[in-house]
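Asks: Can you keep this structure in mind? I'll have questions shortly.
The values are calculated or read from the model by the stated rules, or taken from the named source; none is laboratory data. Keep in mind the model is a prediction, meaning the values are calculated, not measured. Cβ coordinates were reconstructed from backbone atoms using ideal geometry, including for glycine residues, and neighbour counts include every protein chain displayed.
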Amino acid sequence: MSIIHRTIVTPTKLELLHTWLPTRPWYRGSAAPELAKAGGFRLDDPEGQVGIEFMVVGEASSGAYLVPLTYRGAPLEGAEHALVGTMEHGVLGPRWAYDGCHDPVLTAQLLALVEGRAPAHAQSISDTLDREVVRSYAGEGPIGALGAPQDTAEATDFAVAGGLTLRLHRVLTPVQGDAPPQGAVGHVSGVWEHTDGTRVRGLVASLQAG
């Protein structure tokens, strides 16, 4: 189960994202964004070394974005291009924060979540599952290895063996219900706080043909 430390982190995650988020091709907001934590969930690293968080960030002028992050106690070799920034954690010390789409620990656990082999954990409460995260998988056998992530105007896509695409929906849109989208082989949906204060559900990830 995830352990959440109540401590000071410098700079904060939102402070790191203030400069990083406007550099992303799927970001639609201001160059000087007004950011707020809107929701999200965590996954466990089986080795207990890497923090994995799927953060939902609200931006005042443009809506909500999915920002998967990993937190490491040392740099991830070969992932300099995916570094969001470094932080000082009051309990764990120096932490390197990465765009989790480029971290093999996060992508492996995301596949485990879609397949039903790993549960989602509460974002800010230790030892607690997030019952609002819904997933499905209608495929036969494990999902194949993922290709390199490719950013688009709305998402980050991974090619999957067998002609499938795993899509992380970076620009989040509220939907009605928690059923998988039409034609999807698998999906993950979650809940976050909309800019008007209401709680809404949207698609986080989908596994589709093509």
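Asks: Quick check on my filter: what residues within the range 37-75 are farther than 17 Å from Val204 by Cβ and β-branched (Val, Ile, Thr)?
Replies: Val50
Asks: How many residues does the range 76-118 hold that are of a type outside the set (A, V, I, L, M, F, W, C), farther than 16 Å from Leu66 by Cα and in contact (Cβ under 8 Å) with a residue 40 or more places away in the chain? Explain how you work it out, then say what you get.
Replies: Within the range 76-118, the subset of a type outside the set (A, V, I, L, M, F, W, C) is 77-78, 80-81, 85-86, 88-90, 93-95, 98-100, 102-104, 107, 109, 115-117.
Adding the requirement that they be farther than 16 Å from Leu66 by Cα leaves 77-78, 80-81, 85-86, 88-90, 93-95, 104, 109, 115-117.
Filter once more, so that each one left must be in contact (Cβ under 8 Å) with a residue 40 or more places away in the chain: 85, 88-90, 95, 109, 115.
Residues meeting the conditions: 7.
Asks: Among the residues that make up the range 120-143, is at least one of them among the acidic types (Asp, Glu), closer than 23 Å to Asp44 by Cβ and in contact with a Pro (Cβ under 7 Å, 6 or more places away or on another chain)? Explain how you work it out, then say what you get.
Replies: Keep residues of the range 120-143 that are among the acidic types (Asp, Glu), which gives 127, 130, 132, 140.
In the following step, the residues that additionally are closer than 23 Å to Asp44 by Cβ were identified as 127, 130, 132.
Adding the requirement that they be in contact with a Pro (Cβ under 7 Å, 6 or more places away or on another chain) leaves none.
So far as the range 120-143 goes, no, none of its residues is among the acidic types (Asp, Glu), closer than 23 Å to Asp44 by Cβ and in contact with a Pro (Cβ under 7 Å, 6 or more places away or on another chain).
Asks: For the range 185-199, name all the residues that are free of Cβ contacts under 8 Å to residues at least 60 places away in the same chain, in a strand (DSSP E or B) and more than 15 Å from Phe41 (Cβ to Cβ).
Replies: Within the range 185-199, just Val185 meets the criteria.
Asks: If you go through the range 135-150 one residue at a time, do you hit one that is under 23 Å from Lys37 (Cβ atoms), buried (at least 18 other Cβ atoms within 10 Å of the Cβ) and not acidic (Asp, Glu)?
Replies: yes
Asks: OK, next. Scan the range 155-183 for residues that are within 22 Å of Asp196 (Cα to Cα), more than 13 Å from the chain's Cα centre (by Cα) and surrounded by 15 or more Cβ atoms within 10 Å (Cβ to Cβ) and report the count. Talk me through it step by step, then tell me what you get.
Replies: Within the range 155-183, the subset within 22 Å of Asp196 (Cα to Cα) is 169-178.
Next cut, more than 13 Å from the chain's Cα centre (by Cα) only: 173-178.
Next cut, surrounded by 15 or more Cβ atoms within 10 Å (Cβ to Cβ) only: 174, 178.
Here the count works out to 2.
Asks: Next up: Hey, can you tell me all the residues within the range 119-128 that are surrounded by fewer than 19 Cβ atoms within 10 Å (Cβ to Cβ) and modelled with pLDDT of 95 or more? Break it down into steps so the answer makes sense when it comes.
Replies: Of the residues in the range 119-128, the ones surrounded by fewer than 19 Cβ atoms within 10 Å (Cβ to Cβ) are 119, 124-128.
Scanning the range 119-128 gives a single hit, Pro119.
Asks: Looking at Ala64, Ala36 in this structure, which one is within 17 Å of Val171 (Cβ to Cβ) and loosely packed, with under 15 Cβ neighbours inside 10 Å? Can you show your working first?
Replies: Numbers: Ala64 fails: loosely packed, with under 15 Cβ neighbours inside 10 Å.
Criteria check complete, one pass: Ala36.
Asks: OK, next. Tell me, which residue of the range 67-100 that is under 22 Å from Arg28 (Cβ atoms) and small (Gly, Ala, Ser) is nearest to the chain's Cα centre (by Cα)?
Replies: Looking at residues that are under 22 Å from Arg28 (Cβ atoms) and small (Gly, Ala, Ser), I get Gly100.
Asks: Could I ask something else about it? Just wondering, is there one or more residues in the range 73-94 that are surrounded by 14 or more Cβ atoms within 10 Å (Cβ to Cβ) and within 14 Å of Gly40 (Cβ to Cβ)?
Replies: no
Asks: Scan the range 130-162 for residues that are part of a strand (DSSP E or B), in contact (Cβ under 8 Å) with a residue 24 or more places away in the chain and under 18 Å from Leu113 (Cβ atoms) and report the count.
Replies: 9
Residues are listed down the side, and each one gets a yes or a no for (1) charged (D, E, K, R); (2) under 27 Å from Gly73 (Cα atoms):
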residue	(1), (2)
Gly93	no, yes
Ala108	no, yes
His121	no, yes
Thr128	no, yes
Thr152	no, no
Leu164	no, no
Arg170	yes, yes
Gln176	no, no
Thr198	no, no
